[in-house]
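What follows is a single structure, written as structure tokens, with notes after it.
The values are calculated or read from the model by the stated rules, or taken from the named source; none is laboratory data. For clarity, every value in this text was computed on a predicted model and none was experimentally measured. In this analysis, Cβ positions are derived from the backbone assuming ideal geometry, glycine residues included, and neighbour counts consider all displayed protein chains. Accessible surface is based on the protein model in full, side chains and every heavy atom, while ligands, DNA and RNA are left aside. Shrake-Rupley method; radii C 1.70, N 1.55, O 1.52, S 1.80 Å.
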Amino acid sequence: MRALAVVGTRPELVKMAPVVRALDSHPATEPRLLHTGQHYDAELSGEFFDVLGLPEPAKNLDVGSTGDARQTADGLVGIDTDIAEQEPAAVLTLGDTNAVLAATLAGAKRDTLVGHIEAGLRSYDRTMPEEVNRVVADHLSELLFAPTDSAVANLASEGIETGVTQTGNTVVDACLDHAPVAREQSDSLSRFGVEPDGYALATIHRPHNTETPDRLEAICSALDGAPVPVVLPAHPRTETAIEALGFEPDGSLRLADPQGYLDFLALLDGAAVVVTDSGGVQEEASVLETACLTVRPNTERPETVEAGVNELIEPSTLGSRLRTLATNVDARAAMTGHPDLYGDGRAGERIVDALVESLEVDG
């Protein structure tokens with residue numbers, strides 16, 4: 001039984017990799033990987049796929065960094081064509097990108113079984129395109145692979161109970177597989193001239209932060225005023241926005257090119273604290289036990305906040321909190337100790353087992 005696994009970005013590939021490997025090793029299933037190419041990423045080379053233990057995608061749609069409507073439309077056409085040609089038994093999506101929305105619509109219209117990985121996440125903020133994508137995907141999918149108790153509860157509150165399986169999150173599978181490799185192979189700390197627990201890492205890319213000049217300037221100022229070096233691998237959107245501000249770091253902030261997966265994982269693992277607006281980084285930080293400050297008013301990963309390993313913070317108070325965590329070992333220690341919020345590292349296997357059971361019952 002062939003399963004079409006659709007991804008659109010590098011983080012999706014990282015988290016889909018354990019599922020693809022489980023599909024490949026299961027005697028009843030065969031994976032086909034399709035990448036919509038939602039944005040160009042030089043990291044997506046043969047070496048990257050070797051690290052993840054994946055074949056390169058069977059098809060890349062190259063939809064590019066266009067607007068939401070165009071990305072979704074182009075993805076929908078390309079995925080629909082692939083489904084028609086390959087006739088997969090199921091379509092698997094992961095997360096909340098436009099690739100997820102396009103693949104879910106294509107599969108539903110072709111009457112192909114659709115499974116949504118990371119189902120049930122909610123920020124309850126419909127101004128976020130990701131929230132719209134995940135809600136639509138959950139209500140159109142037949143199989144819903146929920147990572148946590150709260151995700152299952154969110155689905156139930158919306159009347160979705162059939163087809164739901166709690167699996168844990170494949171981010172744990174990926175971190176447990178690759179963090180040891182990153183520690184051994186990556187030279188990212190030495191390249192940036194930093195020592196373990198002696199620096200902060202930052203990732204800022206969401207429009208709410210990059211397209212609001214006052215917020216972005218406050219964030220950059222807080223990072224630049226930190227008492228330890230701050231490494232910020234800049235998303236192209238972030239780099240453009242910082243240039244438009246005319247902001248030039250003259251303190252702790254070190255702007256850098258986007259990092260490869262293993263290099264970024266090594267930086268996250270070694271950091272005293274990470275400042276982010278990424279959902280995936282919130283998860284990875286909890287697994288690697290790195291204190292996390294999330295510059296957002298809300299999060300679809302509330303379990304990290306409830307467990308005390310992540311704090312929602314505004315730009316105006318970021319500087320003071322960052323100073324505390326960067327210099328106070330006890331304050332950092334209070335934000336660690338819950339690496340199992342998202343499961344035991346076997347989510348990929350559980351997803352494939354549930355998929356096979358469903359396909360065998362239907363078949």
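Here is how the numbers come out for the structure above:
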quantity: Largest to smallest accessible area among L268, L262, L140 [probe 1.4 Å]; calculated: L140, L262, L268
quantity: Per residue accessible area of the range 174-333, 1.4 Å probe, in Å²; calculated: 40
quantity: FRET efficiency, D214 to N328 (Cβ-Cβ, R0 45 Å, nearest 0.05); calculated: 0.95
quantity: Contour excess over end-to-end distance, with Cα ends at D353 and T66 and 0.36 nm allotted per residue; calculated: 99.7 nm
quantity: Among V51, V274, V309: highest mean-square fluctuation, GNM of the chain, C-alpha pairs under 10 Å; calculated: V51
quantity: Projected label distance in nm at A84 and D149, using a 7 Å step from Cα toward the beta-carbon; calculated: 4.7
quantity: Contour minus Cα-Cα distance for A156 and M1 (0.36 nm per residue); calculated: 52.8 nm
quantity: For the range 133-156 versus the range 173-244, the gap between their alpha-carbon centres in whole angstrom; calculated: 30
quantity: Antiparallel bridge percentage (DSSP; both residues within the chain; nearest 5); calculated: 0
quantity: Cβ-Cβ FRET estimate between D250 and E289, R0 fixed at 22 Å, reported to 0.05; calculated: 0.10
quantity: Residue among A137, A241, A202 with the largest mean-square fluctuation in a Gaussian network model of the chain, springs linking Cα atoms under 10 Å; calculated: A241
quantity: Accessible surface of the chain, 1.4 Å probe, proportion on carbon and sulfur as whole %; calculated: 48
quantity: Computed over the range 174-333: relative contact order in percent, which uses C-alpha pairs under 8 Å that are six or more apart; calculated: 27
quantity: Projected label distance in nm at D41 and S221, using a 7 Å step from Cα toward the beta-carbon; calculated: 3.4
quantity: Once the Cα gyration tensor of the range 174-333 is diagonalised, semi-axes √(5λ) in Å; calculated: 22, 18, 15
quantity: Paired Rg and Dmax values of the chain, which use every Cα atom, in angstrom; calculated: 19.9, 63
quantity: Residue with peak Gaussian network fluctuation, the chain [Cα springs, cutoff 10 Å], from V114, V273, V136; calculated: V136
quantity: Net charge over other residues, Cβ less than 14 angstrom from the Cβ of G280 (K, R count +1; D, E count -1); calculated: -3
quantity: Charge sum, other residues only, whose C-beta stays under 11 Å from P129's C-beta, Lys/Arg counted +1 and Asp/Glu -1; calculated: -2
quantity: Label-point gap, in nm, between D197 and Y124 - each point 7 angstrom along Cα→Cβ; calculated: 3.8
